[in-house]
Amino acid sequence: WHDITQPLSSYLIFTSHNTYLVGEQVVGLSLAAAYSRAIAMGCRCVELDCWDGGAPSYEPILTHGKTLTSNIKARDAIATIAAAYEALPPAARTPLVLSLEMHCTPPQQVKLAELFKAALGERLLPPGDGVLRSPLELMGRILLKGRVVPTTHPAFKGSSAAAALP
């Protein structure tokens, strides 16, 4: 048994960088399934490099920007992450941090927020009071970490997704 009552910042977290990449960082293949593997292996912080998607869907994508790597739909990666986390035994559902490397425009950030809310539901930790919680308090929760455009930006006006963003 480990003490998990201290603030989350007191712990080392098994982290994955460029989680979606399989193989080379400049010309490699991107797979949503790489998130399942990382989470099953114990990673509790995975990275999502978020970029604006193009035609035909205009939905956000994950890719290693300005390289020759393939991309995946953010929707597919988020669904995979949700399923992988749910597949863990309850005792292994320590907090999962989704580290967002944000390159999306405000409208695409709104789409991302909607995707996170739809796929992660109650597991998604809403913006809080700034108090660092312990892993015990955060069991079963998924946290978003990253910088985004403030919700006062015109793209967020009237958006139900704005509540998901700090």
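The values are calculated or read from the model by the stated rules, or taken from the named source; none is laboratory data. The model shown is predicted, which means the values in this text are computed figures rather than measured ones. Using ideal geometry, Cβ is built from the backbone for each residue, glycine included, and neighbour counts are taken over all protein chains shown. Note: accessible area is taken over every heavy atom of the protein model, side chains too, but ligands, DNA and RNA are not part of it. Shrake-Rupley method; radii C 1.70, N 1.55, O 1.52, S 1.80 Å.
Does TYR58 meet the test of being without any contact (Cβ under 8 Å) to a residue 60 or more places away in the chain and either open to solvent by 40 Å² or more (accessible area, probe 1.4 Å) or in a loop (DSSP other than H, G, I, E, B) (or both)?
yes
Condition first: under 19 Å from HIS64 (Cα atoms) and part of a helix (DSSP H, G or I). Now tell me which residues in region 1-36 satisfy that.
ALA33, ALA34, TYR35, SER36 - these are the residues of region 1-36 that are under 19 Å from HIS64 (Cα atoms) and part of a helix (DSSP H, G or I).
Looking only at residues in region 61-111 that are touching a residue at least 60 places away in the same chain (Cβ under 8 Å) and hydroxyl-bearing (Ser, Thr, Tyr), which one is surrounded by the most Cβ atoms within 10 Å (Cβ to Cβ)?
Checking each candidate, the answer is THR94.
GLN109 versus (1) at pLDDT 95 or above; (2) in contact with a strand residue (DSSP E or B) (Cβ under 9 Å, 6 or more places away or on another chain); (3) in a helix (DSSP H, G or I): which is the lone unmet condition?
Every condition holds for GLN109 apart from (1).
Run ASP49 past the list (1) touching a Leu at 6+ places or on another chain (Cβ under 6 Å); (2) more than 23 Å from LEU132 (Cβ to Cβ); (3) surrounded by fewer than 19 Cβ atoms within 10 Å (Cβ to Cβ) and report the number of the one that doesn't hold.
(3)
Scan region 134-166 for residues that are more than 16 Å from the chain's Cα centre (by Cα), surrounded by fewer than 18 Cβ atoms within 10 Å (Cβ to Cβ) and either within 18 Å of VAL46 (Cβ to Cβ) or modelled with pLDDT of 95 or more (or both) and report the count.
Of the residues in that region, 4 qualify.
If ILE39 satisfies every condition in (1) within 25 Å of LEU132 (Cβ to Cβ); (2) surrounded by 15 or more Cβ atoms within 10 Å (Cβ to Cβ); (3) touching a Gly at 6+ places or on another chain (Cβ under 9 Å) but one, which is the exception?
(3)
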